[in-house]
Amino acid sequence: MLTLALVLAAAPLEWKAVVPGVEYRAFVLEAKPSAGDGLAHVVRLDPALATLDLGLASENGGTLRTAREWCEDKGFVVVINAGMYGTDYVSNVGYLRRGKHLNNAAWNAKYQSVLALGPKQKGLPAAQLWDRDVSGDALASKYESVVQNLRLLKAPGTSVWKPNGQSWSEALIASDDAGRVLFVFVRSPFEMAELNTRLLALPLGLTRAMHVEGGPEASLSIHTQAWSLDLAGGPRRAFFGDGPSKQWRIPNVVGVRAR
């Protein structure tokens, strides 16, 4: 069983298979971080080989779960946040639909990044991200599941953030120039403008990225017979030391199932 301690001891890692079509690697972003492990934990998947789906508390009696619990309860091998949520602890802050179930029917005018899963017709990618200010929202009706979030990177790999003096742990979903989807988790706090610069410098070929959560709610879990990795974000305020951190229970996730 691969534990977090082993991951940190072995970083940076080469790509390692999780399940067919899904691989994991840790990249060093900061050699001597003030907090966290200084790593970008990256899960890269081919949506033609692995199935992406949403897990929503609003479809499951309102029950919040940690990322690990979402894996255990819903058969996911990888889980990351689906997006920030409202004060009702259920609704995504942007548009969110899974099949006919509407978690949030309102499109957020300020959010320009969309992830769509499960095409309804042939010829469309199994999953894709797009920029609303370029492609609009018409494509959403052609997919079973759609989630809208705050944008970090705009195609073809341009940061849309400016320095603002605010740093936090980050969970994000991205796409690359080969059409793959990436889940990225960074516990060490960075300003988003700086994190974007560092991620774009990695050999990932990132084209688009959306913010799915920051601070202690940010989560990433991998669970298979060979892997066990549960990551949780730190406090939103500046760190003073870096003690243990437990995953928060969250309402909405994007998960991966092996085919």
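Can you name the number of the only condition in (1) modelled with pLDDT of 95 or more; (2) surrounded by fewer than 24 Cβ atoms within 10 Å (Cβ to Cβ); (3) not aliphatic (A, V, I, L, M) that residue 213 fails? Exception for residue 213: condition (2).
How many of the residues in the stretch 122-142 are closer than 13 Å to residue 112 by Cβ and assigned to a strand (DSSP E or B)? Give the steps one after another, and end with the answer.
Filtering the stretch 122-142 down to residues closer than 13 Å to residue 112 by Cβ leaves 129-137.
Subsequent filtering for residues that are assigned to a strand (DSSP E or B) retains 129-131.
Going through the stretch 122-142 one residue at a time, the tally reaches 3.
Selection over the stretch 143-181 of residues that are touching a residue at least 24 places away in the same chain (Cβ under 8 Å), surrounded by fewer than 20 Cβ atoms within 10 Å (Cβ to Cβ) and outside any loop (DSSP other than H, G, I, E, B) gives a count of 4.
With respect to (1) at pLDDT below 95; (2) of a type in the set (Ser, Thr, Tyr); (3) in contact with a helix residue (DSSP H, G or I) (Cβ under 8 Å, 6 or more places away or on another chain), the lone exception for residue 219 is condition (1). Residues that are more than 19 Å from the chain's Cα centre (by Cα), within 18 Å of residue 47 (Cβ to Cβ) and touching a residue at least 12 places away in the same chain (Cβ under 8 Å) within the stretch 118-134 comprise 119, 120, 121, 124, listed in sequence order. For the stretch 33-57, give me each residue that is surrounded by 19 or more Cβ atoms within 10 Å (Cβ to Cβ), of a type in the set (Gly, Ala, Ser) and either more than 18 Å from the chain's Cα centre (by Cα) or under 24 Å from residue 245 (Cα atoms) (or both). Selection gives 35, 36, 38, 40, 55, 57.
Quickly run through the stretch 59-118 and pick out the residues that are on the phi > 0 side of the Ramachandran plot and buried (at least 21 other Cβ atoms within 10 Å of the Cβ).
Taking the stretch 59-118 as the starting set, the residues that turn out to be on the phi > 0 side of the Ramachandran plot are 61-62, 75, 83, 89, 99, 118.
The one that is on the phi > 0 side of the Ramachandran plot and buried (at least 21 other Cβ atoms within 10 Å of the Cβ): 83.
Look at the stretch 42-53: where a residue is touching a residue at least 24 places away in the same chain (Cβ under 8 Å) and closer than 17 Å to residue 174 by Cβ and a partner is in a strand (DSSP E or B) and among the hydroxyl-bearing types (Ser, Thr, Tyr), sitting 6+ places away or on another chain with Cβ atoms under 8 Å, you get 42/24; 43/24; 44/24.
Suppose we filter the stretch 93-115 for residues that are outside any loop (DSSP other than H, G, I, E, B) and under 19 Å from residue 128 (Cα atoms); how many remain? It would help to see each step written out before you state the result.
Here is the first cut: in the stretch 93-115, the ones outside any loop (DSSP other than H, G, I, E, B) are 96-98, 101-104, 113-115.
Filter again for under 19 Å from residue 128 (Cα atoms), leaving 96-98, 113-115.
Here the count works out to 6.
Filtered by the rule that a residue be in a helix (DSSP H, G or I) and among the aliphatic types (A, V, I, L, M), the stretch 191-232 gives 192, 193, 195, 199, 200. Among residues of the stretch 237-259 that are modelled with pLDDT of 75 or more and surrounded by fewer than 17 Cβ atoms within 10 Å (Cβ to Cβ), those with a Cβ under 6 angstrom from a residue that is of a type in the set (Ser, Thr, Tyr) and not in a strand (DSSP E or B), sequence gap 6+ or separate chain, pair up as 249/66.
The values are calculated or read from the model by the stated rules, or taken from the named source; none is laboratory data. Because the structure is a prediction, the values reported are computed rather than measured. Reconstructed Cβ throughout: ideal geometry from the backbone, glycine too, with neighbour counts over all protein chains shown.
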